[in-house]
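Written out below as structure tokens is the structure these notes cover.
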Amino acid sequence: MENCPADSVALGKAAWTLLHTTAAYYPDRPAPSQMDSMRLFMSSFIDNYPCFNKEFKQFMAEEPIRVGSRKKLSEWLCRQHNKVNEKLGKPSFDCTIVFDRWLQGSCEQCDQ
């Protein structure tokens, strides 16, 4: 079976897909319990997923998660992802099109 077990590239892509999709479907006006749940989810995910390390935790400490709306969460996550991309020498993603990429699927960057 190819890429079994998954390498860091496959794990990273799967993680970002999960996180960005979760953010894109997050409520526009979340209830306090949903905001608490999202904070806990992100914290737990980052603590336990093998691709995330202490540097990402540092990024979160510098700019805490924004859970006040779908837009705030998606833009926050995009900025965090771009920090990782910069560190890895990858191009930044245009955060103005996060919903095109992760919600509507109308963006040419869907394969990136």
Entries of Lys13/Lys72; Lys13/Lys83; Lys54/Lys87 with Cα pairs more than 18 Å apart: Lys13/Lys72
Rank these residues by their accessible area, most exposed first, probe 1.4 Å: Trp76, Trp16. Trp16, Trp76
Estimated [θ] at 222 nm from DSSP helical runs (n ≥ 4, -39500 (n - 2.57)) normalised by residues in the chain, nearest 500: -18000 deg cm²/dmol
Roughly how many debye, to the nearest 20, is the charge dipole of the chain about its Cα centre, given +1 on each Lys and Arg Cβ, -1 on each Asp and Glu Cβ, and no other charges? 340 debye
Ordering His20, His81 by accessible area with a probe of 1.4 Å, largest first, what comes out? His81, His20
Heavy-atom accessible area of the chain with neighbours in place, 1.4 angstrom probe: carbon+sulfur share in percent works out to 53 percent
Which whole-number percent of Cα pairs in segment 21-64 have a distance greater than 16 Å? 44 percent
Just the accessible area for Lys57, please: 1.4 Å probe, Å², rounded to the nearest 10? 90 Å²
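The values are calculated or read from the model by the stated rules, or taken from the named source; none is laboratory data. Quick caveat: nothing in here was measured; it's all calculated off a predicted structure. Cβ coordinates were reconstructed from backbone atoms using ideal geometry, including for glycine residues, and neighbour counts include every protein chain displayed. To get the accessible areas, we keep the full protein, side chains included, count just its heavy atoms, and leave off ligands, DNA and RNA. Shrake-Rupley method; radii C 1.70, N 1.55, O 1.52, S 1.80 Å.
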